Amino acid sequence: MKKKQQLKKVEQENNSSQPTTAIASQKKFVNKDLENDLLEYKAKMINHIENRILHSQKKLEDSIREEMEHFEQQISKIINELRDDRFDHKVSSIQHQERQMEKVFRYKPSLLSEMLKQSDYKTLYHMMMASMFILMGNLWIQDYLERGIIFDMETFFWCFQTPVLVAELWFALVLSSYLTVYWVNYCYQNKIKSFTAILVFSLHQIISILAACYMTSAWVNGFGSRMIVMCEAVRMMMKNYSYARNKMLYGTENKYKYYILQQFEKKGITKQNALLPDINIQSLSQELKRYTYFFLAPTLLYRDYYVKAPNYSKKKVIIEFANFFLCIYYGFILFRSFCKEPILQLRENLTLMNFIVTLFKLMMPSTFSLVLVFFGLLHSWFNGWAELLRFPDRTFYHDWWTASEFGQYYRKWNVVVHEFLYYYVYLDSEKLSQGKRSRLFRQLITFGCSAVIHEIILTFALGFFYPICFLLFTGPGILFIQAKEVFKSGWFNILFWVLMYIGTSVMITLYLTEYYARILINDQLIEQRWGIIQYVIPRTFYLITGI
């Protein structure tokens, strides 16, 4: 009986424990789901926190980078101020800049580079690019409809013929240019007399430029190719002269080294306090390194050392060189679109009225071509090399477009060549004459040298002698410079631009007319009638007179 009661009690306990086990099991599953949710939430929170940390880290890095860039700009600005002549004048008890006998190179960006940082001037640049694309599309459509071609390679390569020959001649001119370094070093090491050294150097210069002129006229075809050879030949000649002049003047002891010009004497400069360029003559290998940098640098004033920018931007280099080549193509578009047909029509019927009409037709494209030369060469090409070489002083031009007379224009248009003529022709003519030559004489000598150099380049690039550029340089150019006191009002900037339009159009019209006239007229006919003087008789003269 007791066993039955015990068994019954055990069964009741078992029956009562089954719901408890089910509840416990259910709770266990609930806890497991909650634990999974918590783990998932924890993982999401960790992931969210990591993302926030990474985002904050990137934001911090960007902020640090911006601050560092701002810091570098401030440092560069401070360095520019420290190297600025005006700052030197302020902080120095002795007027440092006033005691310099030659140009001091300092950190300074080009004017357009600073202007294009502003949105207004950047818009003008974009407008010019847009106009180029419109004219390019117009030319392509016209060529396709009339001739079945899109890109006029024939006319383009007519301008730039024999590229391989041009490269070979350029390389030969470079080798000839490096002989100057060897000769200067040889003269210094072996104590060659100054007269002999200068005589041999002068002969080398004359032979080099004559050889370039002969090779250009005899072998090279195409105006663009000839212009490249002649411009490079003249550039190397000026580089050679600058290197040899500074080495002989400041690298050796001579009577002209400490000669004080009158304009510097008035400023209180004496032999004791005058500051001269730090130039010496080292080993041949060292001199070759110095000359190589100078050879590539966009300056014609030699120094042993140039202060260099801390770094350079590949993007800026690519943009500047791209602008240069785009300007060349833009000039080609202007020639094809606006200049070629009017000139061909004028050649067929050359009268005074037709010439005036063509002159006005070509005023806008001619002047715009001049602006392209400025932007492509003086700004883009020079700034591209300056950025690549970290060259500091990029004052290749001033605001020539604000000039009210041609004296300002000549000084501001091409500062690189102007500085060469100013220091090495204008001031050196006073130094060599010991101050016996007048200011007017030195001006005429400087202006004459510039006009002759320009005329030599154009004569051999075009393939004929037609001194329109020389006459404009030595005629109205000198006249307007001497009358500069009259043109002081800002309103004369309008007159300046009117004369620029007329003068540029006259040059382009006359040169193109003469070029196509020489294609039309048989040279044998001119030789029979004029003999040896045929080389200086314009073919347009024959078209007008028939003589």
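The values are calculated or read from the model by the stated rules, or taken from the named source; none is laboratory data. Because the structure is a prediction, the values reported are computed rather than measured. In this analysis, Cβ positions are derived from the backbone assuming ideal geometry, glycine residues included, and neighbour counts consider all displayed protein chains. Side chains included, ligands, DNA and RNA excluded: accessible areas come from the protein's heavy atoms. Shrake-Rupley method; radii C 1.70, N 1.55, O 1.52, S 1.80 Å.
Points worth noting:
- In the context of the full set of protein chains, residues of segment 174-307 present 49 Å² of accessible surface per residue (probe radius 1.4 Å, heavy atoms only).
- In order along segment 325-332, the Karplus-derived 3J(HN,Hα) couplings, from 6.51 cos²θ - 1.76 cosθ + 1.60 at θ = phi - 60°, round to 6, 5, 5, 4, 5, 4, x, 4 Hz, and Gly and Pro are given as x.
- Cα-based radius of gyration for segment 307-401, normalised by 2.2 N^0.38 Å, reads 1.48.
- Long pairs among K108/K239; K239/K361; K314/K412; K103/K315; K239/K412; K247/K308, criterion Cα-Cα beyond 32 Å: K239/K361
- A 1.4 Å probe run over the protein chains yields, for segment 391-447, 41 Å² of accessible area per residue, whole-number rounding.
- From most to least packed by mean Cβ count within 10 Å, the peptides 53-59, 380-386 give 380-386, 53-59.
- Whole-percent carbon and sulfur share, accessible surface of segment 348-411, 1.4 Å: 70 percent
- Across segment 398-406, rounded Karplus estimates of 3J(HN,Hα) from the backbone phi angles (6.51 cos²θ - 1.76 cosθ + 1.60, θ = phi - 60°) give 10, 7, 5, 5, 9, 5, 10, 8, 6 Hz, Gly and Pro being marked x.
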